[in-house]
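Student: Below is the structure I would like to discuss, written out as structure tokens.
The values are calculated or read from the model by the stated rules, or taken from the named source; none is laboratory data. Not measured: the values here are computed from a predicted model. Here the Cβ is made from the backbone with ideal geometry for all residues, glycine too, and neighbour counts use every protein chain on show. For the accessible areas, the whole protein counts, side chains as well, though only heavy atoms, and no ligand, DNA or RNA atoms are used. Shrake-Rupley method; radii C 1.70, N 1.55, O 1.52, S 1.80 Å.
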Amino acid sequence: MTLKQLEYFLAIAETGSITQAAERLHVSQPPLSLQLKALEDELGVPLFERTKRGLVITQSGRLLVRRTQEILEMLNLTVNEVRSKTTSPKVAIRVGTVNSVSSRLFPDWIYAYQCQYPHVDIQVSEESTTDILVALDDHKIDIGIVREPFNKDRYNCRLIQDDALEGHGQDGFVALADPAFYAGFEQNAIPLSELRDFPLLLHRRYISMFTEYCKACGFIPNIICKNNDALSLLSWAKAGIGIAVLPFSASLLSMDSRLVRKEIIDPPIPSRVFAAWNRDVKLSEEAVRFLELITVPTGTVKQK
């Protein structure tokens, strides 16, 4: 019994026809028939019944199909293991990230990084900032890409590099709405107090923080829609339901011309994005190189 005989047999079993198997394997039919007969003679049992309608696999043939599939799978695993011994071992970096970063920035980061470090496998999970910090605390990820507010004193942190912020300054909250909401207000920035009487759409995570800013300005915000997804907020704003309030970089998930974006000022509400990692963990050299790619240059990455 040879590997070639098993491969020929499996092709015949899967197609149910020597003719179709020969086409798949790019061989002529006579040698295929001869190899099948030789295999049946060696095993001493028929693998197919020959009928007027074609080949019908026998019980012994079905058993051999399962065993052949297992043999070929094991062979592939063995080949891959042997090859891995002669190439650079794979290194994994586990990264958790918020949606506004994963969809806009991560594809370019991954491409640029793997061009230099093809042996590194970057495993990305998309979660909320709260869930990412929990995963960091449980050591389920190596690096978290998270958005303020969070307790930066608990982690090593570096500000994320985002070219979209050039000319805009630091990432902060903006208000997006149908132009009708801003009738008579031509400035590109809007004082927080001007949102006093408007219906607002807000991510649940920012409700407490945003409400405190509004109280300091002397009013309670009229938040009519709350959810956990920036894209939904933008969709509701496009529908004219209200004004979506969210971080500038998150607002870039939608470039819809129907929405007018105004920076919130007096006071501005910061919402920067950081790379965070545990203070009690020494990052691998590959993880350090990844941080240097995605964060604002501040010198050598500190490790503890």
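Student: Can you pull out every residue in the range 166-185 that is more than 11 Å from Pro268 (Cα to Cα) and either modelled with pLDDT of 85 or more or among the basic types (Lys, Arg) (or both)?
Tutor: Scanning the range 166-185 gives Ala175, Leu176, Ala177, Asp178, Pro179, Ala180, Phe181, Tyr182, Ala183.
Student: Now for a separate question. Take the residues in the range 239-269 that are open to solvent by 60 Å² or more (accessible area, probe 1.4 Å) and more than 26 Å from the chain's Cα centre (by Cα); name whichever of them is nearest to His203 (Cα to Cα).
Tutor: Selected residue: Ile241.
Student: So, one more: Going through Asp121, Asp153, Asp131 one at a time, which residue ends up being assigned to a helix (DSSP H, G or I) and either among the β-branched types (Val, Ile, Thr) or touching a residue at least 12 places away in the same chain (Cβ under 8 Å) (or both)?
Tutor: Within the list Asp121, Asp153, Asp131, the selection yields Asp131.
Residues checked against (1) within 13 Å of Ala244 (Cβ to Cβ); (2) surrounded by fewer than 18 Cβ atoms within 10 Å (Cβ to Cβ):
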position: Phe173; (1), (2): yes, no
position: Phe181; (1), (2): yes, no
position: Glu186; (1), (2): no, yes
position: Leu192; (1), (2): no, no
position: Gly218; (1), (2): no, yes
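Student: Name the residue that is modelled with the lowest pLDDT, counting only residues in the range 80-105 that are polar (S, T, N, Q), closer than 30 Å to Thr130 by Cβ and not in a helix (DSSP H, G or I). Working first, answer last.
Tutor: Keep residues of the range 80-105 that are polar (S, T, N, Q), which gives 80, 84, 86-88, 97, 99-100, 102-103.
Checking which are closer than 30 Å to Thr130 by Cβ leaves us with 97, 99-100, 102-103.
Pick out the ones that are also not in a helix (DSSP H, G or I) and you get 97, 103.
Working: Thr97: 93, Ser103: 80.
Once the filter is applied, the top-ranked residue is Ser103.
Student: Is at least one residue of the range 28-43 part of a helix (DSSP H, G or I), touching a residue at least 40 places away in the same chain (Cβ under 8 Å) and open to solvent by 60 Å² or more (accessible area, probe 1.4 Å)?
Tutor: Yes: one or more hits.
Student: With respect to Val65, is the statement that it is surrounded by 12 or more Cβ atoms within 10 Å (Cβ to Cβ) and assigned to a helix (DSSP H, G or I) true? Give the steps one after another, and end with the answer.
Tutor: Details: surrounded by 12 or more Cβ atoms within 10 Å (Cβ to Cβ): yes; assigned to a helix (DSSP H, G or I): yes.
So Val65 fits the description; yes.
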